[in-house]
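Report on one structure; see the data block that follows.
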Amino acid sequence: DVKVTQSSRYLVKRTGEKVFLECVQDMDHENMFWYRQDPGLGLRLIYFSYDVKMKEKGDIPEGYSVSREKKERFSLILESASTNQTSMYLCASSSGAGWGQPQHFGDGTRLSIL
Amino acid sequence: KQEVTQIPAALSVPEGENLVLNCSFTDSAIYNLQWFRQDPGKGLTSLLLIQSSQREQTSGRLNASLDKSSGRSTLYIAASQPGDSATYLCAVRQGNNRLAFGKGNQVVVIP
């Protein structure tokens, strides 16, 4: 089974802090994704990466950056955390072998910015 | 822009009844459609994936159908159980490697 592991289930930070969310997958997947999920808004894509050191903006990249130095690890960075970034963050991965591969999700990180 | 709709947002059914969840999408140019389950405070668990060339997929009590031309998918859960209580999301995969998600059907199965 695919295992996508997010480093923290719950995280509390203060406004202005630089925040790192980590995600690791164990299936040698090429594609990795960061989403945020908010009530009434559903899941929205922040960034995704289709290879090491490659990244592409999603629908809401403002205030975020990402890093993918190794294939198995994809980090989401909040450069200067703000209260409107309080949310549930979900990481996912998928194989790059063809168009029909499913995405597999981690358990999520509930982030609160005070 | 792809719009994915799941109606109703919430529903309750007595235990033992069959569950029928609907998903509609506006752009039929999709590669596949995926159904997920989400328990409160948790991540998404993939249930079924239907490729654009397929009409349905089955796994145990779950059956998902896809009518790409009309932009619809249906998830059937036979003989529902209290453990099926969760939020079910559908998502369509497009050529830009992105998933477009619906907002989910929140299901409660009443014992």
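Where a number appears in this text, it was derived from the coordinates with a stated rule and is not lab data. Owing to the predicted nature of the structure, the values given are computational and were not obtained by experimental measurement. When we count neighbours, we look across all protein chains shown, and the Cβ atoms used for this are built from the backbone with ideal geometry, even at glycine.
Things to note:
- Over 18 Å between alpha carbons, listed pairs B:Lys42/B:Lys103; A:Lys18/B:Lys42; A:Lys3/A:Lys71; A:Lys3/B:Lys42: A:Lys18/B:Lys42
- Projected label points at A:Lys18 and B:Ala9, each 7 Å from Cα along the beta carbon direction, are separated by 3.9 nanometres.
- Within the straight-line cut-off of under 14 Å between alpha carbons, the aspartates and glutamates reachable from B:Lys1 are A:Asp59, B:Asp27, sequence neighbours fewer than 8 places apart in one chain being disregarded.
- Dipole magnitude for the protein assembly as shown: about 380 debye, using +1 per Lys or Arg Cβ and -1 per Asp or Glu Cβ, origin at the Cα centre.
- Given charges at beta-carbon only (K, R positive; D, E negative), |dipole| of the stretch B:53-111 in Debye: 240 debye
- Cα centroid of the stretch A:15-40 to Cα centroid of the stretch B:39-100, whole Å: 23 Å
- For the pair A:Leu114 and A:Arg73, a Förster radius of 35 Å applied to the C-beta separation gives a FRET efficiency near 0.80, rounded to the nearest 0.05.
- Taking 20 °C and 1.002 mPa s as conditions, the protein assembly as shown diffuses translationally at an estimated 119 µm²/s according to Stokes-Einstein applied to its Kirkwood radius (Cα pairs).
- Shown in residue order for the stretch A:27-33 are the 3J(HN,Hα) couplings computed by the Karplus curve 6.51 cos²θ - 1.76 cosθ + 1.60 at θ = phi - 60°: 10, 6, 6, 6, 9, 9, 9 Hz (x for Gly and Pro).
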